[in-house]
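Structure first, commentary second.
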Amino acid sequence: MATYVWDFTQGDKDQKDLLGGKGANLAEMTRLGLPVPPGFTITTEACRAFMRTGAVPRELAVEVTTALRRVEDSLGRRFGDPDDPLLVSVRSGAKFSMPGMMETVLDVGLNDTTVHGLARFSGDERFAWDSYRRLVQMFGRTVLGIDGALFADALDAAKTARGVTSDVDLDAGALRELVGTFQEIVRAQSGRPFPQEPREQLDLAIVAVLGSWNTERARLYRRKERIPDDLGTAVNVVPMVFGNLGPTSGTGVAFTRDPATGKTGNYGDYLANAQGEDVVAGIRNTLSLEDLAGLDPAAYGDLRRAMRQLETHYRDLCDIEFTIERGTLWMLQTRVGKRTAPAAFRIATQLVDEHLITLDEALARVSGAQLSQLLFPQFSADADRTLLARGMAASPGAAVGAAVFDSATAQERAARGEDVVLVRRETNPDDLGGMIAAVGVLTARGGKTSHAAVVARGMGRTCVVGAEAIDIDALARSFR
């Protein structure tokens, strides 16, 4: 009989077929002694069984219970404990990186009772209610299939009512009310109340993540990237560490080298008082790693040492997700990072010069398609131009086309042979079709590790992010 659940202490980076890329690399970082929360991976075999039968294997629930108890014993906390609750994240992780294409649910285990225990444990009532509203929002959208715009509109209404512009400015009372509003949305849209039993939340989240392997956007991405449909995804269950516990906490994404240019040095995005999805969603403009060095020198030093250790171990550019919880660094993911064609060429030659790889290995790391992209178009330096806004160059090149403001229009006009530039506040995975159709992408929000940046780099699309001086709504009206 197959074993469907593996602890992080059991695997290694060479088991991506079974554990997925994320699970295999979490296991590898655990083996290296890096600060990884103790967790477990549900294998791709479970996903393939789920695809064949439409149900999870009967043995899975028992194996999850056993693994969860080992995590509880390791941390000295209990899942669903009303006084000191253990919360977990449930994340996808296929063999090949598919950024933003599948699902994640954070803060699983919170309910109307454990939220008070989390507030007592953390000493921060606002943090507890903020975590709870994130769970209801993610669970409603991901597990129950509720339109995410309903939650986003309710959040915007709450900020408007309080006269604030950012999520972090909402106090505990406002967030408590928002949780109630979100729960009413769940009841109205799904016909059932938000589930209060932590184990039910976990089981439903696991099924939702397994099912996300076959969403339309995931299938589209696999066709574009030539990833086989029968691989399946693994599911990683990891104890929550919190980047939204105040100014000494935060979350970020780091690269050991610049994936856009290949330059050495610090590269990445950081958000204080935030959870991981805030960074990749691009809903708030990020700080740089240099900013983190000023905010928390000790955690920054720990991160830099971990980055160097991983690059040396993998002998390549590494893409790293991390969280800082009240000054303590936690490593949540690593993988060999996607990069532009110029970066691929430069990084390969750098690693040869540094005697980290051989020349034969360097030649294998730059494909013919990437070499052809080195001829990206550029704007003439002496051409007439009108400056509209400045943003961050997330993926190089020059793009000229009609501005369009939604993915459907981008695909429709591109099908007629027109060049279009997709302009959005921030992209999300549902914009993949429009990003494929467009010759370039421009967003008003986000950083160099936001969804738009990562996906555009992987596809070789020109992309500028964080051009916040652009009023997207006004620009869209002017084009109508």
Original post:
Running Debye on region 386-446 with equal point scatterers at the Cα sites and no solvent, what base-10 log of I(q)/I(0) appears at q = 0.22, 0.25, 0.26 Å⁻¹?
Top reply: -0.86, -1.07, -1.14
**OP:** Return one quarter of the surface area of the convex hull spanned by the alpha-carbon atoms of region 376-479, equal to its mean projected area, in nm².
**Re:** 6.4
Subject >> Residue order, fewest to most surrounding Cβ atoms within 10 angstrom, among ILE42, ILE472, ILE185 >> reply: ILE472, ILE185, ILE42
Original post:
Structure shown: which of LYS224/LYS338; LYS263/LYS448; LYS13/LYS263; LYS16/LYS448 lie over 18 Å apart, alpha-carbon to alpha-carbon?
Top reply: LYS13/LYS263; LYS16/LYS448
Original post:
Across the Cα atoms of region 156-210, what radius of gyration and what greatest pairwise Cα-Cα distance (Dmax) are found, in Å?
Top reply: 14.3, 40
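Considering Cα pairs under 8 angstrom that are at least six residues apart, work out the relative contact order of the chain and quote it in whole percent.
On the way: 982 pairs, mean separation 64.1, N = 480.
About 13 percent, as a whole number.
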Original post:
Across 5 Å bins from 0, what is the distribution of all Cα-Cα pair distances for region 16-78, in whole percents?
Top reply: 4, 17, 19, 22, 21, 11, 5, 1
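Counting every Cα pair in region 146-247, what percent are over 20 Å apart? Let's see the in-between values first.
Working: 3119 of 5151 pairs.
It works out to 61 percent of all Cα pairs.
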**OP:** Compute the projected area of the convex hull of the Cα atoms of region 250-336, averaged over all viewing directions, and report it in nm² to one decimal place.
**Re:** 5.2
Subject >> Hypothetical label at PHE376: residues of region 440-467 whose amide nitrogen lies under 17 Å (7 Å Cα-Cβ projection) >> reply: 440-443, 447-467
**OP:** Using packing as a proxy for protection, rank 60-72, 355-367, 407-419, 91-103 so that the peptide with the highest average count of other Cβ atoms within 10 Å comes first.
**Re:** 91-103, 60-72, 407-419, 355-367
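Relative contact order for region 240-318: what is it in percent, counting Cα pairs under 8 Å that are at least 6 residues apart? If you can, show how the numbers build up before the last one.
Values: 116 pairs, mean separation 22.0, N = 79.
Once normalised by length, the contact order is 28 percent.
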Original post:
Mind listing the Cα extents of region 206-245 along all three principal axes, in Å, largest one first?
Top reply: 40, 19, 14
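How large is the convex hull of the C-alpha atoms of region 46-186 per residue, in Å³?
Working: hull volume 19.8 nm³, N = 141.
Residue-normalised Cα hull volume stands at 140 Å³.
I'd like the per residue volume of the convex hull spanned by the Cα atoms of the chain, given in cubic angstrom. Could the numbers behind the result be given before it?
Values: hull volume 77.4 nm³, N = 480.
For the chain, the hull spanned by Cα atoms encloses 161 Å³ per residue.
Values in this text are rule-based calculations from the coordinates and carry no lab data. None of the values given here were measured: they were computed from a predicted structure. A quick note on method: Cβ atoms are made from the backbone with ideal geometry, for glycine too, and the neighbour counts reach across all protein chains shown.
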